[in-house]
Structures are given as structure tokens and as C-alpha cells.
1. Examine the stretch 75-88 for a residue that is exposed (fewer than 13 other Cβ atoms within 10 Å of the Cβ), outside any helix (DSSP H, G or I) and modelled with pLDDT of 95 or more, and state whether such a residue exists.
2. Could you check, for the stretch 94-103, whether at least one of its residues is loosely packed, with under 15 Cβ neighbours inside 10 Å, modelled with pLDDT of 95 or more, more than 13 Å from the chain's Cα centre (by Cα) and assigned to a helix (DSSP H, G or I)?
């Protein structure tokens, strides 16, 4: 529950309402090109997530300890988010900003897979739906 609560600002603030529009309107010199770059970053990240998520889910479901995976993906979120400080208006490091944002996005999605794999262990079998 706490992980879900803590991870929602990444989706809400960074992807949808604040950082995405800021990147398009301010970080890029051209808003149309900014929208194109933002779209490509989301597409590439989404494809990588779609390809690796089933494999990750299968691997993690068969491991007794999920904590090392959670640490790895949490570090991806931290590093990806930390590099957003590079996102200043008219930045010359657009590709690097998008790369690190994509790393953070994949980290948050993969960490969600880890938390979902923990759900069956949180209660008795009769309560798991």
C-alpha cells in the first residue's frame, strides 16, 4: 500500500501533469519537436517494459527473496528522477534527460511488478483473489 502511494506521484506529476508538459514547452526549443521526442521516449520505454515485464514476473515469482529486485528498481527510479535536474529551459542535454527519464519510468513499472508478486504472500490463501 505504501509503495503504491509513494509511486503515484511519478505517474501523476512527472508523466501526465507537470514534467511532460514542462519538457515539451520549456526544455525543448520547439514544442512540436518536444512532443515528438517525448512520444518517442514513452514509446521506446513502453516497448522495453512490455518485452521484459513477463520475463521479470516469471523470474521474480520463482524467487524466495524479492528485496534485491526491489532495491535495483528503486535505484533506477532514484537515478532517473535525480537527473531531471538537467531539465532546464532550452537544454542542450535533451537526449540524456529523456534517457534518464526512461530509466526511471522502467524502474517504477518493474518495481510495481515486484510489489504485485508479493501480494499472494500478504494474507491467507482464502483471502487471495
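1. Yes, there is a match, as at least one residue in the stretch 75-88 is exposed (fewer than 13 other Cβ atoms within 10 Å of the Cβ), outside any helix (DSSP H, G or I) and modelled with pLDDT of 95 or more.
2. Scanning the stretch 94-103, I find at least one residue that is loosely packed, with under 15 Cβ neighbours inside 10 Å, modelled with pLDDT of 95 or more, more than 13 Å from the chain's Cα centre (by Cα) and assigned to a helix (DSSP H, G or I), so the answer is yes.
The values are calculated or read from the model by the stated rules, or taken from the named source; none is laboratory data. Please read these numbers as outputs of a predicted model, since none were measured by experiment. Cβ sites come from the backbone with ideal geometry, for glycine too, and all protein chains shown count toward neighbours.
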